[in-house]
Amino acid sequence: MPVRGDRRDHFEAEVDVWEVASRIAAGRKAKEIDPALATLRACVAEAEADPAVHPVALKRLREMLEFTETIDRWYGQITTVARPKLMALLKLGARIAALVPGGK
């Protein structure tokens with residue numbers, strides 16, 4: 001917010017808690033998840049090309065990559081859900097598991 005005659009920058013705090021949380025999550029994803037995905041993909045590719053890599057190690061790398069990709073896809077999809085629906089989902093808590101067949 002500019003102040004006449006003042007050369008300093010002035011900022012206003014974001015008042016929307018959803019916006020704050022969204023920005024924090026996006027920042028964490030960019031700094032942590034995206035680089036982890038790139039590294040895991042490179043590790044899996046290198047491990048697949050190296051016959052010296054034990055099959056168990058390769059399996060674990062693939063599982064880590066699959067898990068991280070699943071979380072990344074979930075995040076991408078959940079950010080498109082309207083806030084009221086997202087709040088309803090959050091309020092369900094563990095009861096949401098009842099919507100999944102065979103799950104508790």
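Computed quantities for the displayed model
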read-out: FRET efficiency for ALA52 and ARG73, using Cβ-Cβ distance with R0 set to 30 Å, rounded to 0.05; value: 0.40
read-out: Gaussian network model of the chain, Cα within-10 Å springs - most flexible of LEU92, LEU40, LEU58; value: LEU92
read-out: The chain: most fluctuating residue of GLY93, GLY76, GLY27 per GNM, C-alpha cutoff 10 Å; value: GLY93
read-out: Correct choice for Cα extents along the principal axes in Å that was computed from the model, options (i) 68, 43, 16; (ii) 38, 30, 25; (iii) 36, 25, 23; value: (i)
read-out: Residue of LYS31, LYS85, LYS59 that the Gaussian network model of the chain assigns the largest fluctuation, springs spanning Cα pairs under 10 Å; value: LYS85
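Values quoted throughout were computed directly from the atomic coordinates according to the rules given, and no laboratory measurement underlies them. These figures come from a predicted structure and were not determined experimentally. For neighbour counting, all protein chains shown are included, and Cβ atoms are generated from backbone atoms with ideal geometry for every residue, glycine included.
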